[in-house]
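Coordinate-derived values only; no laboratory data. These figures come from a predicted structure and were not determined experimentally. Backbone-built Cβ (ideal geometry, glycine too); neighbour counts: all protein chains shown.
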Ligand code: ATP
């Protein structure tokens, strides 16, 4: 290679010549002809003062390893003699030539290439992780049910990913190729050690760590966006990677993809629950459903000792039916003899047409309906149990096992019952509580906070009741009063107290004298004070109202005299003077007349007893809200007080009974009432007239406004203190009272 040297010295002319030798001179200006010399070079561009000149040399002719060259010159006219330059051996003129290798590419291009190769290295490494980690199954799942973007990414990647080994070979080959090229280029731009360090750091950080971290999360997106590059490399590396991939396919077999069995799937759902967008209930349901094939029915059944069963020989009377209702179960196993011997199933719907009064034997109902009994073994798995329930034979199965413990023959041992609800609860991993359940959990036996109606109270035999009233009728009266008569609403009288009230001696019946058609019984009489409320349960009454004696017929569940119970609020205050509250209220004077026109069964509630019920409710609630025992005690106390006081008070205040054929205490006329002359203006027939209730005459029949025969007569009444407590079934002429609603009572 030619080099231009700048010479600085003296007497340099264009005729001067220069040569080089590898031997140094011992003396300055000593001749050097005896040494090996290089080619001779002519000086050019010598300055006019002879101090500067240039010479173009090619020093490679000495060969490698010769670094230092001594300069020898020959001036014009010096013949063939060459002289070493320099003063002495220390200050000799020496030229050092250092050979340097040249690079193939310009530096900027190399740097650009290095950067590109780093990117490619990162891409291959990232795709290797991102794409190869997504197996074919996952891609299919994403393609079907990923987000919109994920679906399109998966669609792009799927054809390439299908050839797993080919892709793998391409990516690995590409990665190795670019990594190696990168190292060589780095070595080209720096010296060896720096190249090693630079290549290692560059490849590890930019070619592995960063891209793999990104692609482990966004491999799908990166893979889809760069799929063209991957295809290109597949093409480039095809000659090498395709045969290798074929070989791998042959050796390793087809790639199946990740397959999850039940446990893995359940675990997968559980461990990813914080990151997937499944709600807890959904996770529970998935886990529960996966557990079905493993769990046996004995794990979820209701144990036999907790099962409510009926004896095959029992009667479906009111007591049994109310107990069935109280328990709230729809399916009730029926046993014969001992509880482990279940022989039939009663569905509560079977009772729809059964009248408790008939006391139908249970076996009759069972024989009629003949519900199939399903028995299962205790180790039956829940998925099979669910299939059985789906067939529709029965939604309750009796769980049993073969007991071959001890001596004797093996026998079937009944362990419990299992229902469809138990299986569903297992799937959803939670309790289903329906409107009639008394327990929230059949195994833990957690009771439900449910205010359950106890109808058995209506079945309590009551020797004091004059008239018999069936439990059903009693229940109907209870329902009617608590829902249709405002003064008996639960806000005023608690259900418990009302039940107690209905158990008291308040039901009366009336049988007309069939021999005497004129004989009738008055329940209320116009202008005659009274203090009781009446609810007709059976039979009919005739109601006449107002000046014109408008007549109606009232049937069962019509009620009268609500105003008689409508006393001042202060009366009920628990700490008010107990005794006075029962006597201080003004008597109620009806402006209508009611008489029985058929055999009657009716409830009669006196004001005193009503006050007792209200006070008991208030006191019970003030002591302990909804505590039945507190109410019961108070009610008993108040009831006795009210009864005593009303008897005592009536002795003083009551002039006489006005209703001769009604059992005492009955319609009474107080002294105050003797001068009373109520008109239509204060007409209050029943509570139905008051602002917030409805007129209740289910079978009311208007008689065209004409006066009824008996009322025209105006009842003959003989007012006599001596006859005050007299009772007769049918009044004689002397005992018949004449009542004129506009006048005072006359004899
Ligand atoms: P349905 O919901 O069809 O009206 P149900 O409420 O009577 O019926 P299920 O819902 O089938 O009863 O079951 C609720 C829970 O009560 C279950 O745990 C079941 O095992 C239990 N169970 C059902 N019948 C009885 C019974 N006669 N005695 C005791 N437990 C029962």
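Worth pointing out:
- Label-point gap, in nm, between residue 225 and residue 76 - each point 7 angstrom along Cα→Cβ: 7.6 nm
- In this rough spin-label picture, where each label sits 7 Å from Cα along the Cβ direction, the residue 432-residue 505 distance is 5.3 nm.
- Coordinate range along principal axes, alpha carbons of the stretch 122-222, Å, largest first: 54, 23, 15
- Förster radius 60 Å - calculated FRET efficiency between residue 111 and residue 282 (Cβ-Cβ, nearest 0.05): 0.65
- Kirkwood Rh and Cα Rg combined as Rg/Rh, the stretch 318-425: 1.02
- For the pair residue 390 and residue 218 in one chain, pulling the backbone fully straight at 0.36 nm per residue adds 57.4 nm over the alpha carbon distance.
- Taken along the Cα-to-beta-carbon direction at a fixed 7 Å, the label points for residue 633 and residue 355 span 4.3 nm.
- Linear extension gain, residue 409 paired with residue 250, 0.36 nm per residue minus alpha-carbon span: 51.1 nm
- Zone residues, the stretch 380-405, relative to residue 262, backbone N less than 18 Å from point 7 Å out along Cα-to-Cβ: 380-389
- Per-q log10 I(q)/I(0), the stretch 221-343, q = 0.16, 0.23 Å⁻¹ (Debye; single scatterer per alpha-carbon; no solvent): -0.98, -1.28
- Two-site FRET efficiency, residue 58 against residue 194, from Cβ-Cβ distance with R₀ of 45 Å, rounded to 0.05: 0.85
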